[in-house]
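The block underneath contains the structure these notes are about, expressed in structure tokens.
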Amino acid sequence: MPFTSGSTTPDRRNLRMETPEQFDGVTAGPGGSGEPDSAPQPSNFSSLFQEAIFIFLIGLSQLFSVGGLGNTAYSVEQIGQSLNAPSNGQKTWFLSAYALCGGVSVLVTGRLGDHFGHKNIFIFGWIWMSIWSLVSGFAHNLVLFDFARGMTGIGNGALVPNSFALLARAFPPFSVKKNIAFAFLGFCAPSGYIFGGLIGAAFAENVTWRWGYWFWALGSLMVGIATFVVVPYRVGSPIPGLSLKQFDYIGSILGVAGLVLFGFAWSQASVVGWQEPYTYALLIVGILLVIAFAISQSHVSAPVLPNSLWTRKGFTPVVTAMSLGWMSFGIFLYYTTIIILTVHKKLPLTAVAQMVPLVIGGLFATASVGLFIPKVPAQYIFGVSMFSFFIGNLLMSFANYSEVYWAFIFPACLFVVGGPDLSFASSGIIVSNVVLPEEQGVAGSFIATVVQYSIAIGLGIAATVESHVNKGGTDVMLGYRGAYWLGIGFSAVAFFVVVLFVRDHRFDEMKDAGKEAKNNDHS
């Protein structure tokens with residue numbers, strides 16, 4: 001999931017917007033000409049084997065990032081019983097805390113990678129994830145577990161932007177190896193949910209859910225060590241010419257604090273309700289801090305999120321659609337898993353098997369992106385991605401009418417995965433064409449922030465809706481359907497935003513040239 005960015009130039013602001021280059025062969029260099037540099041570039045690796053291991057290790061970052069959700073989702077019932085958390089409002093926190101902290105830390109950790117080296121921050125992400133996964137496994141109360149999941153999310157937030165930066169710097173533009181690397185990275189995202197689910201489900205069903213996190217800790221540590229050995233220093237070195245004096249400390253603090261409080265309020269409201277004064281008080285404070293963050297970005301030399309981005313035609317609609325679409329996808333993942341486990345009474349490993357179509361659909365979606373992105377305006381592909389989110393939630397809203405797996409769950413999982421894969425590629429194309437070259441890195445990081453943060457917000461709002469429509473817990477399925485209806489609404493609005501406001505201008509010049517040639521022929 002997830003989660004796309006880059007250029008091979010040493011400018012930090014062109015390191016994290018790889019999607020256009022990945023799929024349509026057009027670099028987002030100065031002037032947006034898309035002309036390749038014909039000068040051959042020396043390889044950063046000593047052998048093809050080192051290149052292959054490098055691509056594999058970077059792909060594991062997406063596998064583990066999204067897997068952190070699956071690892072918890074499929075063992076959520078066992079965790080809830082162990083920590084005395086019976087309500088879905090409490091259990092959605094297990095996923096929301098991870099996604100929330102991961103989302104808000106992406107912009108900051110990407111900037112830190114520019115200053116301290118993308119390899120170093122990437123390794124930090126693995127070690128941090130390992131430490132807090134270990135703590136998660138030892139947690140014996142709800143507060144510590146939720147806190148540990150949030151801290152684990154910070155490790156995830158360090159992996160996402162720096163993984164894209166490392167791939168962007170490792171291979172020259174237009175190279176087949178770079179396309180293969182990013183295609184593998186994209187495939188690892190939806191597969192991660194199933195991979196993490198397999199680990200969490202296997203231990204929860206046969207030993208204890210705690211071993212799922214201890215395994216995660218060991219795996220993260222091993223990948224971190226392998227990264228230290230395999231990734232060349234010159235690929236992940238600090239960007240020359242940057243000074244920590246330029247770092248936007250105030251903006252980072254205001255932005256992170258505001259987003260955390262805003263997300264916390266929504267997620268906590270599903271547990272204690274809005275009648276608790278501190279819930280809406282935190283929401284108000286969060287909004288005020290976000291406003292202060294936006295104001296601060298106009299008064300610093302190197303802002304975390306330049307306000308100029310919002311003036312670029314088409315940027316705001318893309319961000320809006322991505323946010324709504326991924327809120328609906330988070331709802332789909334969690335509540336589909338919960339229905340299989342609690343309503344259909346399946347064991348965790350069976351639940352994992354029933355959602356394997358996410359991987360199958362992901363394969364087809366990844367392949368189709370490579371075929372259609374160079375030939376079709378990206379807004380059509382973006383629209384299809386939002387419609388995929390819509391179809392997945394719509395099908396699952398009817399799941400209570402039949403327990404037959406093939407009736408609703410199978411097609412829902414097969415079709416919904418077009419949403420994440422297609423939305424990343426198409427939104428990257430569109431954003432790269434509306435922002436300035438020097439804004440592309442931060443725009444790519446912000447899209448990654450939106451994706452992860454939206455999952456957390458969507459789950460918080462969905463749990464609130466569920467608790468208000470399930471008739472005091474007497475009609476569980478009605479509560480689940482309420483969450484799906486919310487997801488349907490989110491994705492429907494996202495679809496219409498794309499239809500009405502999002503345009504891909506890559507083909508405009510070709511059309512204009514064709515019209516001009518046609519007029520010349522007539523004359």
statement: Other residues with Cβ under 13 Å from the Cβ of Asn400 give, with Lys and Arg +1 and Asp and Glu -1, a net charge of -1
query: Along segment 398-404, what does the Karplus equation 6.51 cos²θ - 1.76 cosθ + 1.60 (θ = phi - 60°) give for ³J(HN,Hα), rounded to whole Hz, x for Gly and Pro?
result: 9, 4, 6, 7, 7, 8, 5
query: Between Leu478 and Leu363, what length comes free when the chain is fully extended (0.36 nm per residue of separation minus the Cα-Cα distance, one decimal in nm)?
result: 38.1 nm
- prompt: How many lysine pairs in the chain, separated by 8 or more positions in sequence or lying on different chains, have Cα atoms less than 27 Å apart?
  reply: 16
field: Spacing of the two label points (7 Å from each Cα toward its C-beta) at Ser308 and Ser237, in nm
entry: 2.8
message: Applying a 10 Å radius around every beta-carbon, put 251-262, 232-243 in order of their mean neighbour count, most first.
response: 251-262, 232-243
message: I'd like the distance between the alpha-carbon centres of segment 348-366 and segment 173-240, rounded to an integer number of Å.
response: 18
For segment 248-301, alpha-carbon Rg relative to the globular expectation (2.2 N^0.38 Å, N residues): 1.25
message: At a threshold of 8 angstrom on Cα-Cα distance, excluding pairs fewer than six apart, so keeping six or more, what relative contact order does segment 248-301 reach in percent?
response: 49
message: Between (i) 38, 29, 22; (ii) 56, 27, 21; (iii) 35, 26, 23, which entry matches semi-axes √(5λ) of the Cα gyration tensor in Å as derived from the coordinates of this structure?
response: (iii)
- request: Just report the Cα centroid separation between segment 63-83 and segment 423-471, whole Å.
  value: 22
message: Sorting check: for 144-154, 91-101, which peptide has the highest mean count of neighbouring beta carbons within 10 Å, and how do the rest follow?
response: 91-101, 144-154
- request: Grab the other residues whose beta carbon is less than 14 angstrom from that of Val319, score K and R as +1, D and E as -1, and report the net.
  value: +1
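Values in this text are rule-based calculations from the coordinates and carry no lab data. Just so you know, these numbers come straight off a predicted model, no measurement behind them. So basically every Cβ, Gly included, is an ideal-geometry build from the backbone, and we count neighbours across all protein chains shown.
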